[in-house]
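**Q** Just passing along the structure, written as C-alpha cells.
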Amino acid sequence: MRSSLGARGFPLSLSILLFVAAPCFSKGTITDANFTAQAVTEGTVEMAEENVTSSSFPELITMEETLLVIETSDALVEKNVTIGNPTSIELKCNFSTTRPPPDVNVYWTKGNDQINRTSSMRVFENILQAHIRLTVTDKMHMDNYSCVFEAIEERKGTFHFKVPEIYTKEKPLVNYERDSAVLNCNSRNYVPLEWMWYTSNGSEKVPIDITMKSKYEILPSKYNETKLKIKHLQATESGLYWCRAIFRLGESEGKQNLKVLTFLVPLKPFLAVTAEVVILVTGIFLYELYTKRRQTATESGKDFEQVEQLKSEDHNGVHKNNQRTRHRKSDASVN
C-alpha cells in the first residue's frame with residue numbers, strides 16, 4: 001500500500017511543482033522558443049508561444065539574419081529579408097556601444113507596435129547583441145521588425161520581411177500582327193502555390209481567361225516560372241501584362257510590356273528611303289533637263305548671231321562691190 005501511495009503521490013507533487021514554477025519560466029529570457037506576433041489594442045504586441053511541429057509545417061525552414069547598429073552613427077540601418085515559405089527565423093542586432101551594456105535598454109517592435117516580450121541578450125566586449133526568434137507561418141507575420149536600443153540616443157535596426165520578387169524582361173517584347181508572343185515570369189529560388197495573369201485596362205487589371213485555348217495557352221515550364229502564349233496578336237493588344245505569384249506568406253507581381261506592330265511599320269523606313277530616292281532622282285532629272293535646255297538656247301543664240309554676222313558681212317561686201325563698180329564706171333566715162 002505504501003508503494004502504491006508513493007506512486008500516486010509523486011506525480012501529484014511533480015505537477016504542483018511545475019504549476020508553481022511555470023510563471024518563472026514564462027517571464028524569463030527566450031532563446032529558442034518560437035513566437036508569433038499579435039497586435040494588442042494598447043499599442044504593444046504580445047509574443048505568444050506557438051506550438052509549431054514538423055507535422056503541421058513539414059517544410060518549415062530555419063533562417064538567421066543579423067544587423068549591426070552603431071551608437072555613434074545616425075544612419076538608417078535596414079535589411080530586406082525574403083521569405084517564401086513558413087520559416088523559423090532568428091533576428092540578431094549587434095549594438096556597438098561605448099557605454100556599459102547594463103545601461104542600455106533594448107526592446108523589439110513589429111511595425112509601430114512594441115513587442116511585449118523580453119529578448120535574449122549577450123555581451124561581447126563592447127558589443128551588445130539582442131536576438132529574438134520568430135515563427136513566420138502566415139501573411140500577418142510579414143511586417144517590419146525592429147530592434148531599438150535606448151542609450152545616449154535612440155538607435156534602431158529594421159528587418160523588412162518581404163515575399164520573393166518576380167523577375168521579367170525589362171525591354172519591351174515586340175511582335176507583329178497575326179503572330180504569337182510568349183510572356184515569361186520567374187521567381188528564381190522560390191516556388192509559388194499558383195500563378196495568375198492579368199492585362200491592363202487603363203488603371204485596372206483584368207484577369208486573363210486562360211480557358212480560351214484559341215487565344216491563350218500556358219506553356220509547360222518549371223515550378224518557379226510561368227509562360228503565357230498569346231496567339232493571333234492584334235495591334236490593340238499592346239500594353240502591360242502582369243503575372244502574379246501567390247505564396248503562402250503573400251503575393252508578388254511582375255510586369256512585361258508587349259508591343260504589337262502592323263506590317264506597315266517595317267515598311268515605313270523603306271517607303272521613306274524610296275520617297276527620298278525618287279525625289280532625288282526627279283531633282284537630278286529636272287536639273288539635267290534645265291541644263292540641256294539652257295545649253296540649247298545658248299547655242300541657238302550663238303548660231304543666230306553668227307548668221308546675222310554673216311548676213312551683215314555679205315551685205316557689206318555686196319555694198320562695197322557696188323561702190324567699186326560705180327567708181328570704175330565713173331572713171332571710164334571721164335576718160
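**Q** Which listed residue (I61, M121, T72) has the Cα farthest towards the positive end of the charge dipole for the range 61-162, taking +1 on Lys and Arg C-beta and -1 on Asp and Glu C-beta about the Cα centre?
**A** The residue sitting most towards the positive pole is I61.
**Q** Counting only residues 5 or more places away or on other chains, whose amide H sits under 5 Å from the amide H of I115 once H atoms are built in the peptide plane?
**A** Those lying under 5 Å, H to H, from I115 are V45, W108, T109, K110.
**Q** Another question, then. So, R0 is 30 Å and r is the distance between the beta-carbons of N189 and E217; what FRET efficiency does that work out to, to 0.05? Please report the intermediate quantities before stating the final value.
**A** On the way: r = 26 Å, r/R0 = 0.88.
The pair N189/E217 has a calculated efficiency of 0.70.
**Q** List every residue whose amide H lies under 5 Å from the amide H of V77, counting only residues 5 or more places away in sequence or on a different chain, with H placed 1.01 Å from N in the peptide plane.
**A** Distant-sequence amide H within range of V77: T158.
**Q** When the solvent-accessible surface of protein heavy atoms is calculated with a 1.4 angstrom probe, in what order do E165, E125 fall, highest first? Write out the running numbers ahead of the final one.
**A** On the way: E165 115, E125 170 Å².
Descending order: E125, E165.
**Q** Here's a follow-up. For the range 167-263, max minus min Cα coordinate along each principal axis, in Å, sorted largest first?
**A** Largest to smallest, the principal-axis extents are 44, 29, 25 Å.
**Q** Starting from the residue with the highest accessible area, list D74, D103, D143 in decreasing order, probe 1.4 Å. Write out the running numbers ahead of the final one.
**A** Numbers: D74 130, D103 85, D143 50 Å².
Of D74, D103, D143, the descending order of accessible area is D74, D103, D143.
**Q** When all protein chains stay in place, what accessible area (Å², nearest 10, 1.4 Å probe) is found for H232?
**A** 120 Å²
**Q** Express in nm, to one decimal, how much length is gained between Y176 and F263 on full extension, taking 0.36 nm for each residue of separation and deducting their alpha carbon distance.
**A** Values: separation 87, 0.36 × 87 = 31.32 nm, distance 0.68 nm.
So the extension gain works out to 30.6 nm.
**Q** Compare S88, S73 by solvent-accessible area with a 1.4 Å probe and give them largest first, with all protein chains kept in place.
**A** Details: S88 10, S73 45 Å².
Greatest to least solvent exposure: S73, S88.
**Q** Efficiency by 1/(1 + (r/R0)^6): what FRET value for E78 and A272, r their Cβ-Cβ distance, R0 = 41 Å, to the nearest 0.05?
**A** On the way: r = 53 Å, r/R0 = 1.28.
Here the calculated transfer efficiency is 0.20.
**Q** Starting from the Kirkwood radius over alpha-carbon pairs of the range 61-162, derive D by Stokes-Einstein at 10 °C in a medium of 1.306 mPa s and give it in µm² s⁻¹. Display every interim value, and only then the final one.
**A** Numbers: Rh = 13.9 Å.
D, rounded to a whole number, is 114 µm²/s.
**Q** Quick check: net charge around I166, other residues with Cβ under 11 Å of its Cβ, Lys/Arg +1 and Asp/Glu -1?
**A** Result for the neighbourhood of I166: -1.
**Q** Is there a quick way to get the dipole size of the range 61-162? I mean about its Cα centre, with the Cβ of Lys and Arg at +1 and of Asp and Glu at -1; what is the value in debye to the nearest 20? Intermediate results must be reported in sequence, preceding the final value.
**A** Values: 11 positive and 14 negative charges, 61 e Å.
Value, rounded to 20: 300 debye.
**Q** Net charge near M196: determine it from the other residues with C-beta under 12 Å of the C-beta of M196, scoring Lys and Arg +1 and Asp and Glu -1.
**A** Details: positive: K205, R244; negative: E194, D209, E251, E253.
In short, -2.
**Q** E177: net charge of surrounding residues, Cβ under 13 Å, Lys/Arg +1, Asp/Glu -1, itself excluded?
**A** Working: positive: R178, K231, K259; negative: D179, E237.
After counting each charged neighbour, the total is +1.
**Q** So what J values fall out for the range 280-294 if you push phi through Karplus, 6.51 cos²θ - 1.76 cosθ + 1.60 with θ = phi - 60°, rounded to Hz, Gly and Pro as x?
**A** My calculation for the range 280-294 gives 5, 5, 4, x, 5, 4, 5, 5, 4, 4, 5, 5, 5, 4, 5 Hz in order.
The values are calculated or read from the model by the stated rules, or taken from the named source; none is laboratory data. Worth saying up front: this structure is predicted, and the values here are computed from it rather than measured. Glycine also receives a Cβ, built like all others from the backbone with ideal geometry; neighbour counts cover every protein chain displayed. The protein model used for the area step is the full one, side chains on, heavy atoms only, and it has no ligands, DNA or RNA in it. Shrake-Rupley method; radii C 1.70, N 1.55, O 1.52, S 1.80 Å.
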